[in-house]
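A short worksheet on the structure shown next.
The values are calculated or read from the model by the stated rules, or taken from the named source; none is laboratory data. Quantities reported herein were computed from a predicted structural model and do not represent experimental measurements. Because the Cβ atoms are built from the backbone with ideal geometry, glycine has one as well, and the counts that use them run over all protein chains shown. Note: areas computed on protein heavy atoms with side chains; ligands, DNA, RNA excluded. Shrake-Rupley method; radii C 1.70, N 1.55, O 1.52, S 1.80 Å.
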Amino acid sequence: MPTPTDRIELIELMGRYADIADLKDFTRLPSLVYTDSVTLDFSSVMGLPPMTVPLNEYVQVLSRSFAPFSATHHAITGHVVEIDGDRATLHAHVRAEHWVPKERADGGPDRWLVVGFYDNEAVRTPHGWRLSSVKLTATHQENAHLSAPAPGA
């Protein structure tokens, strides 16, 4: 039976999820957030089909994806948590801001904004709750061209 502690742990899991990018912690946090294999659906922002990948491969992609940004900030709020035994779903609102260095902005906008929702799935493991599936549905973006790697990167 789910406990209030489960809900707290799942909301904290989403906080650690945001910290991976915002703190650029690609070493310690991923294993505290994800299962060994994770299903990802970022098709609404990247156009890639959903995929399931080993965590170590995804961490390499994450590190490269966030390298061009001088800072990021992911505000994840409005959590709706449903728990069924050792499985949970998490629906949350997100406002994610990604700043590029001023020289890359070349006098133009320096921030890529993504607003939308996460619909994630988590499983209880011997080490606590971990995300097994992450789906981002972007409902609004500004300056999406800044999401592309810098020329020559």
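Test each condition in (1) basic (Lys, Arg); (2) over 16 Å from residue 18 (Cβ atoms); (3) in contact (Cβ under 8 Å) with a residue 24 or more places away in the chain for residue 135 and report the one that comes out false.
Checking residue 135 against (1) basic (Lys, Arg); (2) over 16 Å from residue 18 (Cβ atoms); (3) in contact (Cβ under 8 Å) with a residue 24 or more places away in the chain, the one that fails is (2).
I'm trying to understand the selection: among the residues of the range 26-56, which are more than 22 Å from residue 138 (Cβ to Cβ) and either aromatic (Phe, Trp, Tyr) or in contact with a Lys or Arg (Cβ under 9 Å, 6 or more places away or on another chain) (or both)?
Within the range 26-56, 26, 29, 31, 32, 35, 36 qualify.
Could you figure out which of (1) within 16 Å of residue 146 (Cα to Cα); (2) within 16 Å of the chain's Cα centre (by Cα); (3) surrounded by fewer than 18 Cβ atoms within 10 Å (Cβ to Cβ) isn't true of residue 104?
Of everything listed in (1) within 16 Å of residue 146 (Cα to Cα); (2) within 16 Å of the chain's Cα centre (by Cα); (3) surrounded by fewer than 18 Cβ atoms within 10 Å (Cβ to Cβ), residue 104 misses just condition (2).
So which residues in the range 80-90 are without any contact (Cβ under 8 Å) to a residue 60 or more places away in the chain and surrounded by 15 or more Cβ atoms within 10 Å (Cβ to Cβ), if there are any at all?
The one that is without any contact (Cβ under 8 Å) to a residue 60 or more places away in the chain and surrounded by 15 or more Cβ atoms within 10 Å (Cβ to Cβ): 89.
Quick check on this structure: which one of 121, 97 is open to solvent by 40 Å² or more (accessible area, probe 1.4 Å), of a type in the set (Asp, Glu) and in a strand (DSSP E or B)?
That would be 121, the only listed residue that is open to solvent by 40 Å² or more (accessible area, probe 1.4 Å), of a type in the set (Asp, Glu) and in a strand (DSSP E or B).
Condition first: closer than 30 Å to residue 3 by Cβ, charged (D, E, K, R), out of contact with any strand residue (DSSP E or B) (no Cβ under 9 Å at 6 or more places or on another chain) and surrounded by 13 or more Cβ atoms within 10 Å (Cβ to Cβ). Can you find one or more residues in the range 24-45 that meet it?
Among the residues of the range 24-45, at least one is closer than 30 Å to residue 3 by Cβ, charged (D, E, K, R), out of contact with any strand residue (DSSP E or B) (no Cβ under 9 Å at 6 or more places or on another chain) and surrounded by 13 or more Cβ atoms within 10 Å (Cβ to Cβ), which makes the answer yes.
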